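No value in this document is a laboratory result; all are computed from the given coordinates. These numbers come from a predicted model, not from an experiment. Cβ: placed from backbone, ideal geometry, glycine included. Neighbour counts: every protein chain shown.
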Amino acid sequence: MIHPTDAALSAFKSEALALIGLANVLSGDDTSLYDVDFWKQYAGKSAFVLRPNTTADVASLVALAAKHGVAIVPQGGNTGLVNGGIPDESGSEVVLSLQRLNRIRAVDPAGDYITVEAGVILAEVQKAAEAADRLFPLALGAEGSCRIGGNIATNAGGVNVLRYGMTRDLVLGLEVVMADGSILDLLKPLRKDNTGYDLKQLFIGSEGTLGIITAATLRLVAPARERVTLWLTVETPQSAVELFRHCRGVFGDLISSFELISSYGVEAACTHLPGVRRPVSEPHPWHVLIELAWTFTTGLRERAEAAIADLFEEGRVIDGAIAENEAQRQMMWRIREGQSEATSKIGYVVRSDVTVAISDIPALVARCDEFTAEFGPEVAVLPFGHIGDGNLHMNFVVPREKAKELAPRLFDQLFAEVDALKGSISAEHGVGRAKRDAIVSRKPEGALSLMRQLKVTLDPQRILNPDVVVRVNQKTD
Ligand code: FAD
Ligand code: ZN
């Protein structure tokens, strides 16, 4: 971290005030929403919060931060899960909120792209695409709160990765404010541009450590006019993997989501989320939520029904339901998306987002069951998530008062199992501060030193989110 003097902080603050006005420089209690994360798992203390309205203002503010040697923490919707978008506890970092950069600059259905500012809420990007008869396929539980700049900075995943890829696959161009306050305009809507290094990729997934994203041009895809949502139950994770392989063969790219949920999670959702009911009559060991979609308006449902009949005949599934209307579809998704919310009524939820090869998912689940049992009945394992991507949220529900003691031990065990299967300890949430030290032993030395070189080159003063992703010591440390 860097250590600005009080004089430097107050000079920065008064110059910022002159630039963006009193109402957009928050201090004292007004910063509390910006200092604590969505699930209240992490808390820091900002020196103050800046709320610029334009790219030019972001650039001027970053130039001031560089002049005064003050660290900036970029923040979008503050829904990130790895302690990367809030300040540290020193009281010397300044939050730069992108929320007021919320304009949709252009929508072009012929070119299949949309250009938006970083502070536009993801659900608003989806709506703007829909209004142009297109789909912006990034979709995740936090879509009503997270902002597109945050999605890009974390390279968010979500429930449609199987078909449309991660956020990275949806970005055509970026506008970025660099650590010296200059503006890098890479905002082209081009699909093909082989003129040297693809620099925008550096900033996607960089979690605010290499530059501040102020706008993006995003890929739109054909609308999903007919959607079929299926809820199927199986005996084991192995059956779910086999079901995925089978459905892939039948439906190919028409599968947009293929999600696994444990019995524990489904029953917790039905018990603790108001109005939620299990889509099948009896409890079952494992549940699979599948969504199929295409651009035609009819015909998919009939095909899905025929395929389901085959699944039952071949004994691939135990029970199942098909969403008859939007309300039933929403109910199925509520169970899936409400896993953390429901289980947080039972205890503290230790969250993870690990990934292994799809064929190794059953082994990962089995190993996690084994080591969780060793913790005794007070720890429950809650695996759910994107089995079609090989990515599970292998969460644990623990007594609240023991969370501090149990969480690190559970992570150690989980990460060891992931290492044994040659997976990754973060599939979609990123590194932040939460996994910064855990990645050090897991990345090839060459990769880590290249990451550090990039950081030093793009942010020589280490003013952009200095404690996040990778640590590079200050020359003065
Ligand atoms: P923030 O939390 O504000 O910031 C996240 C990181 O990006 C921080 O390091 C911050 O410094 C940086 N940052 C933010 N804006 C910018 C910018 N403009 N320029 C540079 N850096 C910036 N993630 C998934 O991948 N898949 C999921 O399915 C998923 N589901 C979720 C469900 C819930 C209920 C919640 C709370 C979170 C979920 N997440 C999921 C976490 C996910 O990372 C975020 O929801 C989202 O991508 C972050 O966007 P944000 O605007 O809230 O970013
Ligand atoms: Zn996820």
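Rounded, prolate or oblate: which fits the range 217-265, taking a ≥ b ≥ c as square roots of the Cα gyration tensor eigenvalues, rounded meaning a/c under 1.5, else prolate when a/b beats b/c? Prolate. Output the pairs from K40/K455; K67/K455; K345/K443; K127/K443; K13/K443 with a Cα-Cα distance over 27 Å in this structure; if there are none, say none. Check vs 27 Å cut-off fails for K40/K455; K345/K443; K127/K443; K13/K443. The Cα center of the range 159-190 and the Cα center of the range 271-292 differ in position by 36 Å. Annotation: peptides 441-448, 341-348, 307-314, 319-326, ranked by per-residue average of other Cβ atoms within 10 Å with the highest first, follow the order 341-348, 319-326, 307-314, 441-448. Mean separation of Cα pairs under 8 Å and 6 or more residues apart, divided by the residue count, gives the range 57-136 a relative contact order of 21 percent. Mean residue ellipticity at 222 nm, helices only, the chain: -10500 deg cm²/dmol; runs of at least 4 DSSP H residues each add -39,500 (n - 2.57), and the sum is divided by the number of residues. Note on the chain: the C-alpha convex hull projects to 23.0 nm² when averaged across all orientations. For the peptides 57-64, 375-382, the ranking by mean Cβ contacts within 10 Å, running from highest to lowest, is 57-64, 375-382. When only alpha carbons are used to place a centre, the range 403-418 and the range 211-235 end up 32 Å from one another. Taken about its Cα centre, the range 97-202 carries a charge dipole of roughly 80 debye when the Cβ of each Lys and Arg holds +1 and the Cβ of each Asp and Glu holds -1. Computed from point charges on the beta carbon alone (+1 for Lys and Arg, -1 for Asp and Glu), the dipole magnitude for the chain about its Cα centre is near 920 Debye.
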